[in-house]
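The values are calculated or read from the model by the stated rules, or taken from the named source; none is laboratory data. Predicted, not measured: the structure shown is a model, and the values here were computed from it. Cβ coordinates were reconstructed from backbone atoms using ideal geometry, including for glycine residues, and neighbour counts include every protein chain displayed.
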Amino acid sequence: MQSDGHKQPRMNAAIVGVGTLFDTLTLAALPPEDEAIRPAIRQLIADAIADLPSDRRARSWAGFDAAFSRKLGEAGFLGLTLPKAYGGQERGPFARFVVVEELLSAGAPVAAHWIADRQSAPLILNFGTEEQRQFYIPRICRGEFFFCIGMSEPNSGSDLASVRTRAERTDAGWRVNGQKIWTTNAMYSDYMIALLRTSGSADDRHSGLSQLIIDLKAPGVTVRPIMDLAGDSHFAEVFFDNVDLPADALIGAEGDGWRQVTAELAFERSGPERIYSSIILLDAWIAHLRHVGRKDSATLDLVGNFTARLATLRAMSIACTARLAAGDSPVVEASLVKDLGTSFEQELPIAIGADLAAWPDEVVSDDLHRTLAYITHLAPSFSLRGGTREILRGILARGMGLR
Amino acid sequence: MNAAEFIEPFARLMDEVMTPAAVRAAERGGDISSLWQMVQESGYLDALVSEEAGGAGLDLGVVHGLWQILGRRAVPLPIGETMLARALLSMAGQDAPDGPIVLAVMTGNAPVIVPLGQIAQHVLVENAAGLTLYSAASGAPQGTGIYGDLSARFQWDAVSGNSFAKPEAGLRAYAALLRAAMIAGAADELVQRTADYAAQRVQFGKPIGRQQALQQNLAVMAEHAVAARLASQLGCAGGLPISPAAAATAKSVASHAAALVANTAHAVHGAIGISEEYDLQLLTRRLHEWRLADGSENYWNRILGAQRLASAAASVDFVRSALPCAAR
Ligand SMILES: Cc1cc2nc3c(=O)[nH]c(=O)nc-3n(C[C@H](O)[C@H](O)[C@H](O)COP(=O)(O)OP(=O)(O)OC[C@H]3O[C@@H](n4cnc5c(N)ncnc54)[C@H](O)[C@@H]3O)c2cc1C
């Protein structure tokens, strides 16, 4: 054995009194009054998806249907966490979990309102002025205003603090120049909440960043959709060429952009969409197994494995929701659940593909075949969007005191 | 009911008496009777026995916290098994004897290996007749020859005794849920110890925990330890009687985590983790034992998979009804 530099701590000495790691993430139940929402939302979803095949439903939160989003708003299923004073339902994160779970589980086309409901409205509520709240939030709750997230730039992906797109003060407000990229739904959105540099240079990192609400109809804004590898165009490049914005485009305090974006990312990462991206494929595969009547032990093993993990991830996601309900910003916990959840979502198409092709004599429906291919091709994005796997693990390592 | 009220005194008791030295002494065949006496006097063995029958009547969700401590301290006494056995005996109106009880599922008269069998005085056996309490000696316990292992091989030829109905999910489901909670406790302990070690051990002029490769592995290790905890909490949420789906989910996820957590713990510790003198092995050997005991992840996956395929429900609906996060 080597020097005494690593003389072991004795089993008891170092550990007594130390609690459980990440113990704030603990089993929580959905309150019965929130569970009670399910039948009503189901009814609404059933109409919207009646004619959609699995491979369309598999697009779920990339599926855009403005009319459906407005219907959800009318029926009171948007803004569930937001105060009544701003047109919300004031029900809280658990109610939102129930509605979101139903929407995702059915593969309803939710892209239109998704980002506004999930993170833009809470951001405006937390950091906006009274005028901003009054103007934006009620319209978000009605499914009328759609938002996109302007964080990534061509040279700023994981290293978000290096953004270069600038907003400069003018007599009337702000002038924006630069470019965002990978902006989901930019072409359908009314507004972007952008992380911009308002002072200093990219070398100043976290200081000098601010968030602005950009009206995408303003002169000087150009949105160019980007087609993805499955032939869909859900994200875009957005160019800003001397875009003039009023003074009240600033949301929150100037220079506070990094702190605000961190809080926003907790909302972005903590929801059940980080465990349910492949759920339509899972259900289509199980329907296939039931149809062909396959029950050998390898099949049961795989089905049981997925079921146990799904149940556990769901419990973890509800545990995360409980942190939101308690008023926390569960940055580390959300990273943990997202990384484990996206690993599960990514494993499903690979394992299901291997399974189906191991039985070449079974007839696989066109619908299942397309759904499998779609999820297989898109699955790599599950651990990129919303922060990459490596970045999330870095956040966890920091939470464990390693950085 | 405030869970901490029950869990904290138990944690203190285990911290005090279950030192690594005590664990090693028991593993080497030392006398455990005074330790057992202390546990017995603490009253915790009747944690799951109803209050009317003189027990504490704790929720399974609270008992989960006690079971985790048993795992965290690598406790070489069948405290969790005895809690379950005493509850099942009490529900059947039978008196429970003093002394450690372990749990075994027998098929015909084939021999079975039971963790901690060498120090048990009684075995609650499930066989075709239902559940029967045997003296350990009547099963002719044999050691396994594995280093530091207190499990024993039992065999009973003739089956006789005062049998009573087995729980619907079977005794193995009960034992598996206990194992899952113990795995969760040991896994959490290992994550914390491994992170501490990585922050202290210096190579290339800085703590190895500053290396991104190790940080990423430690993050994954933590994810699986937390998953084991939530899965076993979920398994306990429905209370008694335990359902097959609850046991299966808990044991499948925990057993999968067990191997991964043990591997990463050793990888980060380097050679010192392989030495007997270092305490890591007390936990990692247990993790491997508990992973396989009472059904591995594959065994429970098959049980859960069959139940899932029998249902026409969508996956989320199946999971919501078979595995609710709250008491049924
Ligand atoms: C479908 C989809 C939708 C998206 N929607 C939006 C949106 O609406 N708005 C928006 O702003 N952005 C959006 N994004 C962009 C997303 O946030 C980025 O893809 C992500 O932050 C990663 O940035 P990058 O793609 O530039 O990869 P890079 O940052 O270049 O990373 C490439 C690889 O290097 C690794 N890496 C980078 N830095 C480190 C490090 N320090 N340590 C270890 N590994 C590292 C990464 O983990 C990754 O594996 C979307 C992306 C996708 C795929």
**Asked** What single numbered condition from (1) in the same structural domain as A:Glu168 (by TED's automatic domain parsing); (2) buried (at least 24 other Cβ atoms within 10 Å of the Cβ) fails to hold for A:Leu245?
**Response** (2)
**Request:** Kindly check whether there is at least one residue in the stretch A:128-149 that is near the ligand (Cβ under 9 Å from one of its atoms), of a type outside the set (S, T, N, Q) and closer than 17 Å to A:Leu212 by Cβ.
**Result:** yes
**Item:** Residue check for B:Asp294: touching a strand residue (DSSP E or B) at 6+ places or on another chain (Cβ under 9 Å) and either surrounded by 21 or more Cβ atoms within 10 Å (Cβ to Cβ) or within 11 Å of chain A (Cβ to nearest Cβ) (or both)
**Value:** yes
**Request:** Tell me, yes or no, whether the stretch A:64-86 has at least one residue that is farther than 16 Å from A:Tyr276 by Cβ, β-branched (Val, Ile, Thr) and either in contact (Cβ under 8 Å) with a residue 24 or more places away in the chain or in contact with a Gly (Cβ under 9 Å, 6 or more places away or on another chain) (or both).
**Result:** yes
**Qualifying position, being among the small types (Gly, Ala, Ser), free of Cβ contacts under 8 Å to residues at least 40 places away in the same chain and either in contact with a Leu (Cβ under 6 Å, 6 or more places away or on another chain) or within 14 Å of chain A (Cβ to nearest Cβ) (or both), among B:Gly139, B:Gly205, B:Gly130, B:Gly145** = B:Gly205
**Where a residue in the stretch B:6-29 is at the interface with chain A (Cβ under 9 Å from one of its Cβ atoms) and under 13 Å from B:Arg72 (Cα atoms) and its partner, wherever it lies, is surrounded by 15 or more Cβ atoms within 10 Å (Cβ to Cβ) and charged (D, E, K, R), with Cβ under 6 Å and at least six apart** = B:Met18/B:Arg73; B:Pro20/B:Asp279
**Condition met for B:Ser232 (assigned by TED's automatic domain parsing to the domain that holds B:Ala92 and either out of contact with any Cys (no Cβ under 6 Å at 6 or more places or on another chain) or modelled with pLDDT of 95 or more (or both))** = no
**Prompt:** Only one residue in B:Ile146, B:Ile183 is of a type outside the set (Gly, Ala, Ser) and in a loop (DSSP other than H, G, I, E, B). Which one?
**Reply:** B:Ile146
**Message:** Being surrounded by 24 or more Cβ atoms within 10 Å (Cβ to Cβ), facing another protein chain (nearest Cβ under 9 Å), more than 20 Å from the chain's Cα centre (by Cα) and in a helix (DSSP H, G or I) is true for just one of B:Ala231, B:Ala219. Which residue is that?
**Reply:** B:Ala219
**Request:** Within the stretch A:146-161, identify whether any single residue is more than 21 Å from A:Glu237 (Cα to Cα) and either touching a strand residue (DSSP E or B) at 6+ places or on another chain (Cβ under 9 Å) or modelled with pLDDT of 95 or more (or both), and answer yes or no.
**Result:** no
**Request:** Looking only at the stretch A:273-294, decide whether some residue is over 26 Å from A:Ala108 (Cα atoms) and assigned to a helix (DSSP H, G or I).
**Result:** yes
**Request:** Please give the number of the condition A:Thr321 fails out of (1) more than 30 Å from B:Asp196 (Cα to Cα); (2) of a type in the set (Ser, Thr, Tyr); (3) within 14 Å of another protein chain (Cβ to nearest Cβ).
**Result:** (1)
**Request:** Quick one: A:Gly386 ticks every box in (1) within 14 Å of the ligand (Cβ to nearest atom); (2) in a helix (DSSP H, G or I); (3) more than 14 Å from chain B (Cβ to nearest Cβ) except a single one, so which number is it?
**Result:** (2)
**Search result, residues across the stretch B:40-84 that are assigned to a loop (DSSP other than H, G, I, E, B) and in contact with a Pro (Cβ under 7 Å, 6 or more places away or on another chain)** = B:Leu77, B:Pro78
**Complete:** Counting only residues in the stretch A:60-108 that are within 16 Å of the ligand (Cβ to nearest atom) and more than 14 Å from every other protein chain (Cβ to nearest Cβ), the one modelled with the lowest pLDDT is identified as A:Trp61
**Item:** Lone qualifier among B:Ala265, B:Ala248 - being in contact with a Ser or Thr (Cβ under 9 Å, 6 or more places away or on another chain) and farther than 18 Å from A:Thr312 by Cβ
**Value:** B:Ala265
**Fill in**
Condition set part of a strand (DSSP E or B) and within 12 Å of the ligand (Cβ to nearest atom), scope the stretch A:185-195, selection nearest to A:Ile226 (Cα to Cα): answer is A:Met192
**Fill in**
Residue count, the stretch A:278-305, condition crowded, with 24+ Cβ neighbours inside 10 Å, more than 7 Å from chain B (Cβ to nearest Cβ) and not β-branched (Val, Ile, Thr), comes to 4
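Residue-wise test of (1) assigned to a helix (DSSP H, G or I); (2) under 15 Å from the mean Cα position of the chain (by Cα); (3) within 13 Å of the ligand (Cβ to nearest atom).
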position	(1), (2), (3)
A:Leu336	yes, yes, no
A:Leu356	yes, no, no
A:Val363	no, no, no
A:Thr376	yes, no, no
A:Leu402	no, no, no
**Complete:** In the set A:Gly178, A:Gly231, the lone residue that is out of contact with any Gly (no Cβ under 7 Å at 6 or more places or on another chain), in a strand (DSSP E or B) and on the phi > 0 side of the Ramachandran plot is A:Gly178
**Prompt:** Of the residues B:Ala271, B:Ala322, which is at the interface with another protein chain (Cβ under 9 Å from one of its Cβ atoms) and over 30 Å from B:Ile208 (Cα atoms)?
**Reply:** B:Ala322
**Message:** Take the residues in the stretch A:168-184 that are more than 7 Å from the ligand (Cβ to nearest atom) and buried (at least 22 other Cβ atoms within 10 Å of the Cβ); name whichever of them is farthest from the other protein chains (Cβ to nearest Cβ).
**Reply:** A:Trp174
**Request:** Considering every residue within the stretch B:254-266, establish whether at least one is touching a residue at least 40 places away in the same chain (Cβ under 8 Å), over 24 Å from B:Ala310 (Cβ atoms) and facing chain A (nearest Cβ under 9 Å).
**Result:** no
**Sole residue being at pLDDT below 95 and more than 18 Å from the chain's Cα centre (by Cα), chosen from A:Asp203, A:Asp244, A:Asp215** = A:Asp203
**Prompt:** Residues in the stretch B:293-304: is at least one under 30 Å from A:Leu104 (Cα atoms) and of a type in the set (Val, Ile, Thr)?
**Reply:** yes
**Request:** For A:Leu310, indicate whether it is within 11 Å of chain B (Cβ to nearest Cβ), free of Cβ contacts under 8 Å to residues at least 60 places away in the same chain and crowded, with 23+ Cβ neighbours inside 10 Å.
**Result:** yes
